[in-house]
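I have placed the structure first, in the form of structure tokens, so that the comments after it can refer back to it.
The values are calculated or read from the model by the stated rules, or taken from the named source; none is laboratory data. Since we're looking at a predicted model, the values are computed, not measured. Cβ: placed from backbone, ideal geometry, glycine included. Neighbour counts: every protein chain shown.
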Amino acid sequence: MSTLLALDTATEACSVALLHDGKVTSHYEVIPRLHAQKLLPMIQQLLADAGIGLSAVDAIAFGRGPGAFTGVRIAIGVVQGLAFALERPVLPVSNLAVLAQRAFREHGVRQVAAAIDARMDEVYWGCYREEAGEMRLAGVEAVLAPQAAALPEDASGEWFGAGTGWGYGERIRVALSGQDASLLPHAEDLLSLARFAWARGEAIPADEAQPVYLRDKVATPKAR
């Protein structure tokens, strides 16, 4: 049975999760600007509690963004350092997907409009549908003004809003059955998505791990 480690520092939350012997354990804290100091000790404690060393890990999953630039870089730096040393592959996971997966786990919702506050009067946006326990992207992820956010063209049924981007809720013209604007990505849900990706053989070499900021893809400058 595989042992997977997951970590996330893309938002104000810092969290780690471990799958070992079929059991999931995790640690989650909301600690803005302390990720770099706290992440490695959190990993070490999680492994110690499980009674294993890092060498027992088969792959490392991480939140690849979108999120805070510094936070995403911290995750990739730590993951690459560990994965290179261990000669293990990595599993990049979208932080918007992680948000949707958490909403599914905590609220039981199967269609989620995930939004992370991107600052600069924009949100990171992605819509997800649950398929066999996994939240899958419907459409594309984007960074855009709140009023430009929309559900997929084929959207039907009830949608739930998850994430800090819903702090702009009055400007997002999307009808919802409910929302949780306090929700942040959690490594436990990142681990759930990583297990699906691992089973599909989607792990990649550590040197191919790349951050996804979404802003890199914006070709047209914002109107001033």
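In segment 87-115, which residue that is in a helix (DSSP H, G or I) and of a type in the set (Lys, Arg) is farthest from ALA68 (Cα to Cα)?
So, considering only residues that are in a helix (DSSP H, G or I) and of a type in the set (Lys, Arg), the one farthest from ALA68 (Cα to Cα) is ARG105.
LEU191 - would you say it is of a type outside the set (D, E, K, R) and at pLDDT below 95?
no
Is it fair to say ALA10 is in a loop (DSSP other than H, G, I, E, B) and buried (at least 19 other Cβ atoms within 10 Å of the Cβ)?
Taking the combined requirement at face value, the residue satisfies it.
Name the one entry in VAL24, VAL16 that is assigned to a strand (DSSP E or B) and over 24 Å from ILE116 (Cα atoms).
Numbers: VAL16 fails: over 24 Å from ILE116 (Cα atoms).
Result of the check over VAL24, VAL16: VAL24.
Picking from VAL24, VAL98, which residue would you name as being within 15 Å of ARG195 (Cα to Cα), touching a residue at least 40 places away in the same chain (Cβ under 8 Å) and crowded, with 24+ Cβ neighbours inside 10 Å?
Working: VAL24 fails: crowded, with 24+ Cβ neighbours inside 10 Å.
The conditions single out VAL98.
Select, from TRP159, TRP166, the only residue that is closer than 16 Å to GLY67 by Cα and not charged (D, E, K, R).
After ruling out the rest, the residue left standing is TRP166.
Among the residues of segment 170-193 satisfying the criterion of being out of contact with any helix residue (DSSP H, G or I) (no Cβ under 6 Å at 6 or more places or on another chain) and charged (D, E, K, R), which is surrounded by the most Cβ atoms within 10 Å (Cβ to Cβ)?
Applying the filter and picking the extreme gives GLU188.
Pairs, please: C-beta under 7 Å, at least 6 apart or cross-chain, first residue assigned by TED's automatic domain parsing to the domain that holds ILE116 and at pLDDT below 95 and in segment 155-173, second surrounded by 15 or more Cβ atoms within 10 Å (Cβ to Cβ) and not in a strand (DSSP E or B)?
Once the first residue is assigned by TED's automatic domain parsing to the domain that holds ILE116 and at pLDDT below 95 and sits in segment 155-173, its partners that are surrounded by 15 or more Cβ atoms within 10 Å (Cβ to Cβ) and not in a strand (DSSP E or B) give GLY169/ALA181.
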